[in-house]
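Visitor: Okay, here's the structure, questions in a sec.
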Amino acid sequence: MDYEIMINSIPAYANAAVYTLYLAFCGIVLSLIIGLSCSLILYFRVRYLSVFIKSYIELSRNTPLLIQLFFLHFGLKMEAHICAVIALAFLGGSYMAEAFRGGLEAVEKIQIESALSLGLSKFQLVIYVILPQALIVSVPSIGANMIFLLKETSVVSIIALSDLVAIAKDIISVYYATNEALTMLVISYLIVLLPISLAIWFLERKVKYAAFGN
């Protein structure tokens with residue numbers, strides 16, 4: 001192992017890690033918005049839109065991210081950065097929709113009927129009764145999907161974006177230091193993902209304790 005190459009490559013990996021986190025953040029935020037919107041449409045069985053949403057979820061979940069990136073970048077000629085964010089949001093939105101839908105369906109019908117009998121509007125029903133309970137149930141799945149999307153950013157190097165994988169490829173091609181580059185890649189992903197995984201685990205425990213007291 002050439003430790004000099006590994007040490008000298010730290011700034012490049014650090015910059016790539018920041019860019020990877022930025023792409024993941026944009027994709028996750030958009031996927032949360034898409035997922036919540038889709039799950040509410042399915043939950044309330046909005047005519048016509050429900051069919052469209054179901055088709056989107058099946059298409060997104062059954063096509064690889066790599067193919068989606070190729071279609072957006074080479075087919076629709078989108079800029080690489082925008083293409084990566086859209087692809088992550090498109091893929092993540094379907095997984096988030098399923099996570100939110102599981103939480104929505106866990107809300108007991110009697111609570112909904114009680115809220116309606118008190119005169120709450122549908123908007124108030126969603127904001128004050130359904131969503132708070134659904135989010136508690138959905139937190140573990142949402143956290144898992146966030147980690148999944150972070151790891152999926154490793155694919156975006158295929159469209160020439162300077163993420164962590166792209167930096168590793170560059171070091172291998174220039175210095176032929178395969179072991180060193182891959183070791184730094186693994187370390188970089190651990191540094192990025194481990195704190196986020198721990199934060200999500202801590203959030204799950206806090207939410208569970210707040211909801212159930214154990």
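Visitor: Name the single residue that is farthest from Ala89 (Cα to Cα) among those in the range 1-48 being in contact with an Asp or Glu (Cβ under 9 Å, 6 or more places away or on another chain) and of a type in the set (Ser, Thr, Tyr).
Guide: Looking at residues that are in contact with an Asp or Glu (Cβ under 9 Å, 6 or more places away or on another chain) and of a type in the set (Ser, Thr, Tyr), I get Tyr3.
Visitor: Right, next: Say we look at the range 180-210 and pick out the residues that are surrounded by 14 or more Cβ atoms within 10 Å (Cβ to Cβ) and over 24 Å from Ser9 (Cβ atoms); which of these is modelled with the lowest pLDDT?
Guide: Lys208
Visitor: Can you tell me which condition Arg45 does not meet? The list is (1) of a type outside the set (A, V, I, L, M); (2) without any contact (Cβ under 8 Å) to a residue 60 or more places away in the chain; (3) at negative phi, and all the others hold.
Guide: (3) is the only condition that Arg45 fails.
Visitor: Can you find a residue in the range 64-71 that is modelled with pLDDT of 90 or more, within 30 Å of Leu125 (Cβ to Cβ) and either in contact with a Cys (Cβ under 6 Å, 6 or more places away or on another chain) or not aliphatic (A, V, I, L, M) (or both)?
Guide: The answer is no; no qualifying residue exists.
Visitor: Among what's in the range 9-61 and is part of a helix (DSSP H, G or I) and basic (Lys, Arg), pick the residue that is nearest to Glu180 (Cα to Cα). Before the answer, list the steps.
Guide: Taking the range 9-61 and keeping what is part of a helix (DSSP H, G or I), we get 10-43, 49-61.
Now restrict to residues that are basic (Lys, Arg): 54, 61.
Working: Lys54: 45, Arg61: 34 Å.
Ranking the candidates gives Arg61 first.
Visitor: Something else about it: Name the one entry in Phe148, Phe123, Phe202 that is aromatic (Phe, Trp, Tyr), within 18 Å of Leu88 (Cα to Cα) and either assigned to a helix (DSSP H, G or I) or touching a strand residue (DSSP E or B) at 6+ places or on another chain (Cβ under 9 Å) (or both).
Guide: The match here is Phe148.
Visitor: Okay, next question. Quick check: is even one residue across the range 131-153 over 28 Å from Leu194 (Cβ atoms) and buried (at least 20 other Cβ atoms within 10 Å of the Cβ)?
Guide: yes
Visitor: Only one of these is touching a residue at least 60 places away in the same chain (Cβ under 8 Å) and out of contact with any Ser or Thr (no Cβ under 9 Å at 6 or more places or on another chain): Ile191, Ile127, Ile167, Ile171. Name it.
Guide: So the residue among Ile191, Ile127, Ile167, Ile171 that is touching a residue at least 60 places away in the same chain (Cβ under 8 Å) and out of contact with any Ser or Thr (no Cβ under 9 Å at 6 or more places or on another chain) is Ile191.
Visitor: Do any residues in the range 93-108 that are free of Cβ contacts under 8 Å to residues at least 24 places away in the same chain have Cβ atoms under 6 Å from those of residues that are surrounded by fewer than 22 Cβ atoms within 10 Å (Cβ to Cβ) and of a type in the set (S, T, N, Q), where the two are at least six apart or on different chains, and which pairs are they?
Guide: none
Visitor: Every residue in the range 65-81 that is over 16 Å from the mean Cα position of the chain (by Cα) and either in a helix (DSSP H, G or I) or loosely packed, with under 14 Cβ neighbours inside 10 Å (or both), please. Can you show your working first?
Guide: Step one: filter the range 65-81 for residues over 16 Å from the mean Cα position of the chain (by Cα), giving 67, 70-81.
Within the range 65-81, Ile67, Phe70, Phe71, Leu72, His73, Phe74, Gly75, Leu76, Lys77, Glu79, Ala80, His81 meet the criteria.
Visitor: Would you point out the residue of the range 31-43, among those that are surrounded by 14 or more Cβ atoms within 10 Å (Cβ to Cβ) and not small (Gly, Ala, Ser), that is farthest from Ala87 (Cα to Cα)?
Guide: Looking only at the range 31-43, we keep the residues that are surrounded by 14 or more Cβ atoms within 10 Å (Cβ to Cβ), and these are 31-32, 34-43.
With not small (Gly, Ala, Ser) added as a condition, the list becomes 32, 34, 36, 38, 40-43.
On the way: Leu32: 14, Ile34: 12, Leu36: 17, Cys38: 17, Leu40: 22, Ile41: 22, Leu42: 22, Tyr43: 25 Å.
Applying the filter and picking the extreme gives Tyr43.
Visitor: Among the residues of the range 82-91, is any in a helix (DSSP H, G or I), closer than 20 Å to Cys26 by Cβ, touching a residue at least 40 places away in the same chain (Cβ under 8 Å) and touching a His at 6+ places or on another chain (Cβ under 6 Å)?
Guide: yes
The values are calculated or read from the model by the stated rules, or taken from the named source; none is laboratory data. As the structure is a computational prediction, the values presented were derived from the model and not from experiment. Positions of Cβ are backbone-derived with ideal geometry, glycine not excepted, and every protein chain shown enters the neighbour counts.
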